[in-house]
Amino acid sequence: MIEFRDVVKQFPDGTVAVDGFSLQIPAREITVLVGSSGSGKTTLMRMINRMVDPTSGVIEIDGQDVATIEPVKLRRSIGYVMQNSGLLPHRKVVDNIATVPLLNGVPKREARERALALMDTVGLDRHMAERYPSQLSGGQQQRVGVARGLAVDPNILLMDEPFGAVDPIVRDELQQEVLRLQRELGKTIVFVTHDIDEAFLLGDRVVILEPGGRIVQVGAPEQILANPANDFVRTFVGADRGKRRLSVREVEGRRIVVDADGHPAGVLDESAGANAGVGGAGAGGS
Amino acid sequence: MNLFGEAFGWILDPANWQGSSSIGGAILLHLYYTFVSVLVASAIAIPVGYLIGHTGRGREVAVAISGAARALPSFGLILLLVLVLGVTRTAVGAFIAFVILGIPSILAGAYSGLQAIDRRTVDAARAVGMSEWQILTKVEIPLGLPLLVGGLRSAVLQIVATVALAGYVNLGGLGFFIVQGIPLRDYSQILGGAILIIVLAFLLDAVFGLLANAVRPKGLDTRKTRSRASRPAAAVDTPTT
């Protein structure tokens, strides 16, 4: 568990990025910090691995104050995936993934073996191992970034708008990949984004931030949709624009779900609810 | 008679390759002055340049030093230092002058090599847990090497040209033939000496040109590595039709 207690961050130029932030981030879940630019979300995340030190307040990981842990050691124990991958351009894919294990003194052969295995984990073909980052597409680079983040098998994975710079189709793929990985690995993931749809898709818990790192609402996506805390949240999640207000309309014998403006959002799966019920009962009985 | 023909005749005359002031000896002495000066200048300028490039502090100072030192008249600097240090320490004075003239390009090459690196790359290296020293040695220095070699290249050229002036303060080198030839009105010797200096400069420049290619990090040279790396992959992926 990661806990923020009364954290304040004021930068030397006087900007208060975070003003009295407190939050508990549960283990083995995806917590998404979402807010527009200037909401302090990236600053908050970077305080977990001491890329930024708070002006005041405490950040604890499993009860230990991070300020007491040497930054380099702390960072090597936490996975970090950033926007634009942040890969070392002069190193091959496999060496990029193995960066941190090699720093930790893992023998080269072993580190490379593990790096290749991680390429499988994140869905990268092994024949790309000997390529340089500039020879990969943006989506592939992000996969390498995720593999590097997982290289030391950290309990915590920090993801700073990792899919902000890839095109929508690839982003969709990568998001599904994160969900799949999380089902397999069960890490404590802190994910920062400004995209509320991404937050709702990935987050077990979503933390909506206002400028200054003020928490407007924390909850599961469905709780936030069902009960937006205020107009800010309503606007942010798009409830006021009718994007989230869906209704069913019959078109050519099928039931189509449309939003408040009449744009189609999907097809209503009449059997889904019943199936879920049966499946649940079956699982319980077996 | 053709002046250039005579100059080449002078260079190729076996008699000029023997004795106490042989062409071969002068070339070696010229190279010796050049390399020692570049080494000393590098020992001063590279650490300072890396410090500035890594921390981002003192950039203005570096720019000011580079700019001001580049404007120094080399001949004046040598004469001044020789006069200040006295005729008994001519060589020291000349070496100091060469070093001072070499520092700006090397300093600029070292710190601009680090400055030119994408800040996000350095930030990511720090975020995954590299220490400052590891960031410098494993990320910044390899990525900054091409610009450093560029700086060394211009420093070598600057110094190899300036060492020609060492002849004026009795230190030998290829400038000696020019200085000796002027009062003798021996134009083939003057031009021969000048040609040798030019050829030496070109050769050194070519060597550093090759070196610059050799140190360019592979991943940055996308075109070249892509064709090389993708060839086996392409052979696997593409079915023969």
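In the set (1) under 30 Å from B:SER188 (Cβ atoms); (2) without any contact (Cβ under 8 Å) to a residue 24 or more places away in the chain; (3) surrounded by 11 or more Cβ atoms within 10 Å (Cβ to Cβ), B:ALA15 fails one condition alone, (3). Tell me, please, whether a residue that is in contact (Cβ under 8 Å) with a residue 60 or more places away in the chain, assigned to a helix (DSSP H, G or I) and among the polar types (S, T, N, Q) can be found in the range B:136-154. No, there is no match, as no residue in the range B:136-154 is in contact (Cβ under 8 Å) with a residue 60 or more places away in the chain, assigned to a helix (DSSP H, G or I) and among the polar types (S, T, N, Q).
Exactly one residue out of A:SER85, A:SER77, A:SER37 is hydroxyl-bearing (Ser, Thr, Tyr) and away from every other protein chain (no Cβ under 14 Å): that is A:SER37.
When A:ALA151 is tested against (1) of a type in the set (A, V, I, L, M, F, W, C); (2) over 14 Å from the mean Cα position of the chain (by Cα); (3) at pLDDT 95 or above, only condition (3) is not met. The residues of the range A:4-49 that are assigned to a loop (DSSP other than H, G, I, E, B) and closer than 17 Å to A:TYR80 by Cα, listed by number, are A:ALA27, A:ARG28, A:GLU29, A:ASN49.
Examine the range B:148-155 for a residue that is within 19 Å of B:LEU101 (Cα to Cα) and among the hydroxyl-bearing types (Ser, Thr, Tyr), and state whether such a residue exists.
Within the range B:148-155, the subset within 19 Å of B:LEU101 (Cα to Cα) is B:148-155.
So of that shortlist, the ones also among the hydroxyl-bearing types (Ser, Thr, Tyr) come out as B:154.
Yes - at least one qualifying residue is present in the range B:148-155.
The set of residues in the range A:26-78 that are free of Cβ contacts under 8 Å to residues at least 60 places away in the same chain and of a type in the set (Lys, Arg) comprises A:ARG50, A:LYS73, A:ARG75. Here is the figure for the range A:50-68: residues that are in a loop (DSSP other than H, G, I, E, B) and within 14 Å of another protein chain (Cβ to nearest Cβ) total 4.
Please verify whether the range B:162-172 includes one or more residues that are of a type in the set (A, V, I, L, M), farther than 21 Å from B:VAL61 by Cβ, more than 9 Å from chain A (Cβ to nearest Cβ) and in a loop (DSSP other than H, G, I, E, B). Yes, the range B:162-172 contains at least one residue that is of a type in the set (A, V, I, L, M), farther than 21 Å from B:VAL61 by Cβ, more than 9 Å from chain A (Cβ to nearest Cβ) and in a loop (DSSP other than H, G, I, E, B). Report yes if B:ARG70 is touching a helix residue (DSSP H, G or I) at 6+ places or on another chain (Cβ under 6 Å), more than 14 Å from chain A (Cβ to nearest Cβ) and either surrounded by 14 or more Cβ atoms within 10 Å (Cβ to Cβ) or within 26 Å of B:GLY167 (Cα to Cα) (or both), otherwise no. Against the criterion (touching a helix residue (DSSP H, G or I) at 6+ places or on another chain (Cβ under 6 Å), more than 14 Å from chain A (Cβ to nearest Cβ) and either surrounded by 14 or more Cβ atoms within 10 Å (Cβ to Cβ) or within 26 Å of B:GLY167 (Cα to Cα) (or both)), B:ARG70 qualifies.
Just so you know, in the range A:147-175 the residues that are more than 13 Å from chain B (Cβ to nearest Cβ) and not hydrophobic (A, V, I, L, M, F, W, C) include one that is surrounded by the most Cβ atoms within 10 Å (Cβ to Cβ), and it is A:ARG171.
I'm checking my understanding of the structure. Among residues of the range A:88-146 that are among the polar types (S, T, N, Q) and more than 10 Å from chain B (Cβ to nearest Cβ), which one is farthest from B:VAL122 (Cα to Cα)?
Kept after step one, since they are among the polar types (S, T, N, Q), are these residues of the range A:88-146: A:96, A:99, A:104, A:121, A:134-135, A:137, A:140-142.
Within this subset, residues satisfying the condition of being more than 10 Å from chain B (Cβ to nearest Cβ) are A:121, A:137, A:140-142.
Working: A:THR121: 26, A:SER137: 21, A:GLN140: 20, A:GLN141: 17, A:GLN142: 17 Å.
The residue in question is A:THR121.
Look at the range B:78-118 and say how many of its residues are more than 19 Å from the chain's Cα centre (by Cα), over 27 Å from B:GLY144 (Cβ atoms) and part of a helix (DSSP H, G or I).
Total meeting the criteria: 14.
Evaluate the following for B:VAL48: is it under 16 Å from B:VAL160 (Cα atoms) and either touching a His at 6+ places or on another chain (Cβ under 7 Å) or β-branched (Val, Ile, Thr) (or both)? So B:VAL48 does not fit the description; no.
The values are calculated or read from the model by the stated rules, or taken from the named source; none is laboratory data. The model shown is predicted, which means the values in this text are computed figures rather than measured ones. Here the Cβ is made from the backbone with ideal geometry for all residues, glycine too, and neighbour counts use every protein chain on show.
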